[in-house]
Amino acid sequence: MRLTRLSELASVGPFFALRTGGAPAGAAEYGPLDEPTVRARVETVARRLGTEDRRVAASVAYQGIAGRLLSIALGSAVLTGEVPDLTGGRLRWHPANTAPDDLWLPDPAALPHPAHGGPAALIREHVLRGPLADLHRTTRAVVTVSGRLLWGNAASSLAGSLRVLHTWCCDQGRPQDAARATALARVVLDDPLLRGTGTLTAGGPPHAAPSFVRSTCCLYYRVPPGGTCGDCVLRHAPPRVR
């Protein structure tokens, strides 16, 4: 994958940006997506949220990195036709930094095109079932948190990535790319790991981004005055019958 093509993602938004090439300042503080890095990230998030509830911190930390990985994968698939290889410890993560300075891929390379399934198959196999599944296991090893909740966070992150990318494509006069992003996201959301974690519905007005309502909660409401996210199951729960 050419760096000039990958760099186009940064124009979509900070979650789509990816540092590549030579070592950045503080390169020694970038580590693999392993248990020490996850533990450090959870502590960083807990401190920034001002919470002692490590389940909340772990949930928010996982959702943040899920949003980064899925934004990069989805954006690259739509805008370049390639999906960068983020597997096998190639990607480096700085647990104290935020987007776009948290991720560094020293030697970017594109995953080979699959015989069947196209970019959506690559995202499912090499992102969802690759580093995100590894992070899922690692996060639960660091903090006892619901696995279903974490997959719901991943689905919500993918829907958020789609919303930003869809809006950007329409603003740039690229409705076909917006439609391609929606189609790809739907296939990824139908993976057994994410299936049932929420519902993606088509946008109402012309060129409106699809909306998403999740069936789980990320626990952010436990951080005063956190409230609920726009796609939260608590916000969209049906009224109780009295």
Q) Rounded to the nearest 0.05, what FRET efficiency is calculated for Ser7 and Thr98 with R0 set to 25 Å and r the Cβ-Cβ distance? A) 0.85
**Q.** Shape of segment 98-242, Cα gyration tensor, a/c cut at 1.5
**A.** oblate
Q) Using unit Cβ charges (K, R positive; D, E negative) and no other charged atoms, how large, in debye to the nearest 20, is the dipole of segment 101-242 about its Cα centre? A) 780
Q.
Helix-only estimate, please: 222 nm mean residue ellipticity of the chain, summing -39500 (n - 2.57) across DSSP H runs of length 4 or more and dividing by its residues, to the nearest 500.
A. -14500 deg cm²/dmol
Q: Obtain the nm distance between the two label points defined at Gln176 and Ala109 by a simple spin-label model: each point lies 7 Å from its Cα along the Cα-to-C-beta direction.
A: 3.1
**Q.** Cα lying deepest toward the dipole's positive end in the chain, options Trp93, Ser157, Tyr221, charges on Cβ
**A.** Tyr221
Q: Would you mind telling me which residue in Ala25, Ala73, Ala121 has the biggest mean-square fluctuation in a Gaussian network model of the chain, where springs connect alpha carbons within a distance under 10 angstrom?
A: Ala25
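Taking the Cα centre of segment 56-109 as origin, sum charge times position over the Cβ atoms of Lys and Arg (+1) and Asp and Glu (-1), and report the length of that vector in debye to the nearest 20. Intermediate results must be reported in sequence, preceding the final value.
Numbers: 3 positive and 5 negative charges, 25 e Å.
Its charge dipole is roughly 120 debye.
Leaving out ligands and nucleic acids, note down the accessible area per residue over segment 187-235 with a 1.4 angstrom probe, in whole Å².
On the way: 2540 Å² over 49 residues.
Per residue, segment 187-235 has 52 Å² of solvent-accessible surface.
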Q | Local electrostatic count at Leu132 - Lys and Arg +1, Asp and Glu -1, tallied over other residues with Cβ under 12 Å | A | +1
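Computed from the mean reciprocal separation of all distinct C-alpha pairs, what Kirkwood hydrodynamic radius does the chain have, in Å?
On the way: mean 1/r = 0.0549 Å⁻¹.
Radius from the Kirkwood sum: 18.2 Å.
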Q. If R0 is 30 Å, what FRET efficiency do you get for Ala25 and Arg195 from their C-beta distance, rounded to 0.05?
A. 0.10
Q) segment 173-231 to segment 67-84: how many Å between their Cα centroids? A) 16
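I'd like the FRET efficiency for Glu52 and Asp134, computed as 1/(1 + (r/R0)^6) with the beta carbon distance as r and R0 of 30 Å, rounded to 0.05.
Details: r = 27 Å, r/R0 = 0.89.
With a Förster radius of 30 Å, E is 0.65.
Quick check: at a probe of 1.4 Å, how many percent of the accessible area of the chain sits on carbon and sulfur atoms?
Numbers: 5940 of 11170 Å².
The nonpolar share, carbon plus sulfur, comes to 53 percent.
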Q.
Tell me which of Pro24, Gly50, Ala40 sits at the most positive position along the dipole axis of segment 21-82, charges placed on C-beta atoms (Lys, Arg +1; Asp, Glu -1).
A. Gly50
Q. At q = 0.11, 0.19 Å⁻¹, what is the log10 ratio I(q)/I(0) for segment 1-125, with the Debye formula run over Cα points and no solvent?
A. -0.39, -1.05
Q.
Can you compute the modelled spin-label distance between Ala183 and Arg90, with each label point 7 Å from Cα toward Cβ, in nm?
A. 2.5
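Subtracting the Cα-Cα distance from 0.36 nm times the residue separation, let me have the gained length for Ala208 to Glu43 in nm, one decimal. Write down the numbers at each step before the final one.
Working: separation 165, 0.36 × 165 = 59.40 nm, distance 3.73 nm.
Full-extension gain reported as 55.7 nm.
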Q: Taking the Cα centre of the chain as origin, work out the dipole magnitude from +1 charges on Lys and Arg Cβ and -1 charges on Asp and Glu Cβ, in debye rounded to 20.
A: 760
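The values are calculated or read from the model by the stated rules, or taken from the named source; none is laboratory data. Computed from a prediction, not measured in an experiment: that's the story for all the values here. Methodologically, a virtual Cβ is constructed for each residue, glycine included, from the backbone with ideal geometry; neighbour enumeration extends over all protein chains shown. Ligands, DNA and RNA are stripped out before the accessible areas are found, and what is left, the full protein with its side chains, is counted by its heavy atoms. Shrake-Rupley method; radii C 1.70, N 1.55, O 1.52, S 1.80 Å.
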